[in-house]
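This report refers to the structure that appears directly beneath it.
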Amino acid sequence: GDQVEQSPSALSLHEGTDSALRCNFTTTMRSVQWFRQNSRGSLISLFYLASGTKENGRLKSAFDSKERRYSTLHIRDAQLEDSGTYFCAAEAYYGNEKITFGAGTKLTIKP
Amino acid sequence: GGIITQTPKFLIGQEGQKLTLKCQQNFNHDTMYWYRQDSGKGLRLIYYSITENDLQKGDLSEGYDASREKKSSFSLTVTSAQKNEMAVFLCASSMGTYNERLFFGHGTKLSVL
């Protein structure tokens with residue numbers, strides 16, 4: 001079954017607001033990555049986490065270090081250029097080397 | 001830095017046709033991947049390769065072949081294109097296989113008439 005569940009599937013926000021995207025994992029994960037896909041289809045790597053938190057400007061991501069079964073991406077003071085589809089991708093702690101993607105969160109930032 | 005180049009950017013095929021997509025990376029990464037993305041959906045793994053001449057099946061390998069001719073290149077073949085099929089194929093690479101960050105190419109958009 002699906003190992004990576006993303007929520008929400010879509011989100012519409014006004015500029016300047018804050019948001020949180022989440023990925024739940026049905027099994028313990030070794031690492032998680034977050035990507036943004038723009039309107040042209042390019043996937044841009046935002047964060048790679050094996051544990052803990054990372055921050056880059058208005059973006060901050062966390063990976064539950066204890067249970068290793070969820071990750072969050074926080075966007076502070078949303079801007080129009082933050083619009084896009086956000087994907088998380090996780091590597092299972094046990095088993096083969098496959099990285100499994102979530103179905104994505106489509107984020108729309110309105111003026 | 002490095003870059004992943006996918007060719008062609010757009011591919012139009014006929015039903016039943018055999019189609020080949022190519023991917024080159026200059027990161028000197030060991031592992032390369034092919035993913036398929038259908039409209040509005042996430043990415044599904046077709047094949048990956050952890051070193052030259054290695055091939056590992058993903059969840060969606062049926063209907064595809066792949067070849068890791070050398071460390072820097074990984075090609076994907078659609079063995080028989082399906083009518084009205086439309087998807088984006090994304091190539092990625094990572095330094096190793098565990099705990100490694102993925103880097104993506106810009107994709108090949110396939111349309112089958």
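The values are calculated or read from the model by the stated rules, or taken from the named source; none is laboratory data. Computed from a predicted model, the values in this text were never measured in an experiment. Neighbour counts run over all protein chains shown; Cβ positions are idealised from the backbone, glycine included. Heavy atoms of the whole protein, side chains included, go into the accessibility calculation; ligands, DNA and RNA do not. Shrake-Rupley method; radii C 1.70, N 1.55, O 1.52, S 1.80 Å.
Residues are listed down the side, and each one gets a yes or a no for (1) among the hydroxyl-bearing types (Ser, Thr, Tyr); (2) under 21 Å from residue A:85 (Cβ atoms); (3) more than 14 Å from chain A (Cβ to nearest Cβ); (4) touching a Lys or Arg at 6+ places or on another chain (Cβ under 9 Å):
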| site | (1), (2), (3), (4) |
| --- | --- |
| B:15 | no, no, yes, yes |
| B:41 | no, yes, no, no |
| B:51 | yes, no, no, yes |
| B:64 | yes, no, yes, yes |
| B:86 | no, yes, no, yes |
Point to revise | Residues within the range B:8-23 that are within 16 Å of residue B:79 (Cβ to Cβ) and open to solvent by less than 100 Å² (accessible area, probe 1.4 Å), tallied | key: 7
Check your understanding: Across the range B:2-18, which residue is nearest to residue B:91 (Cα to Cα) among those that are in a loop (DSSP other than H, G, I, E, B) and of a type in the set (Gly, Ala, Ser)?
Key -> B:2
Exercise for review: Kindly indicate which of B:57, B:22 is in contact with a strand residue (DSSP E or B) (Cβ under 9 Å, 6 or more places away or on another chain), at pLDDT 95 or above and of a type in the set (Lys, Arg).
Suggested key: B:22
**Study point:** Whichever residue in the range B:38-54 is among the small types (Gly, Ala, Ser) and not in a strand (DSSP E or B) and, among such residues, is least open to solvent (accessible area, probe 1.4 Å)
**Key:** B:42
Check your understanding: Among the residues of the range A:59-81, is any closer than 22 Å to residue B:39 by Cα, within 14 Å of chain B (Cβ to nearest Cβ) and of a type in the set (Asp, Glu)?
Key -> no
Review point. What strands (runs of 3 or more DSSP E) lie completely within the range A:53-111 and have 3 or more residues being surrounded by 14 or more Cβ atoms within 10 Å (Cβ to Cβ) and modelled with pLDDT of 95 or more?
Key: A:59-63, A:70-75, A:84-92, A:105-110
Practice item. Might you check whether a residue that is farther than 28 Å from residue B:30 by Cβ and open to solvent by 40 Å² or more (accessible area, probe 1.4 Å) occurs anywhere in the range A:41-50? Key: no
Revision key, fill the gap. Of the residues in the range B:56-112, those that are more than 12 Å from residue B:6 (Cβ to Cβ), under 14 Å from the mean Cα position of the chain (by Cα) and not in a strand (DSSP E or B) come to B:58, B:59, B:60, B:61, B:62, B:63, B:72, B:79, B:102
Practice item. Just one of (1) more than 12 Å from every other protein chain (Cβ to nearest Cβ); (2) open to solvent by less than 70 Å² (accessible area, probe 1.4 Å) trips up residue B:35, so point out which. Key: (1)
Point to revise | Filter result (of a type outside the set (Ser, Thr, Tyr) and open to solvent by 50 Å² or more (accessible area, probe 1.4 Å)) within the range A:1-23 | key: A:1, A:2, A:3, A:5, A:10, A:14, A:15, A:18, A:20, A:22
Check your understanding: Across the range B:55-110, what is the number of residues that are more than 26 Å from residue A:48 (Cα to Cα) and open to solvent by 30 Å² or more (accessible area, probe 1.4 Å)?
Key -> 13
Point to revise | Neighbours by Cβ (under 6 Å, 6+ apart or cross-chain): first from the range B:7-22, of a type outside the set (Gly, Ala, Ser); second open to solvent by 100 Å² or more (accessible area, probe 1.4 Å) and modelled with pLDDT of 95 or more | key: B:7/B:22
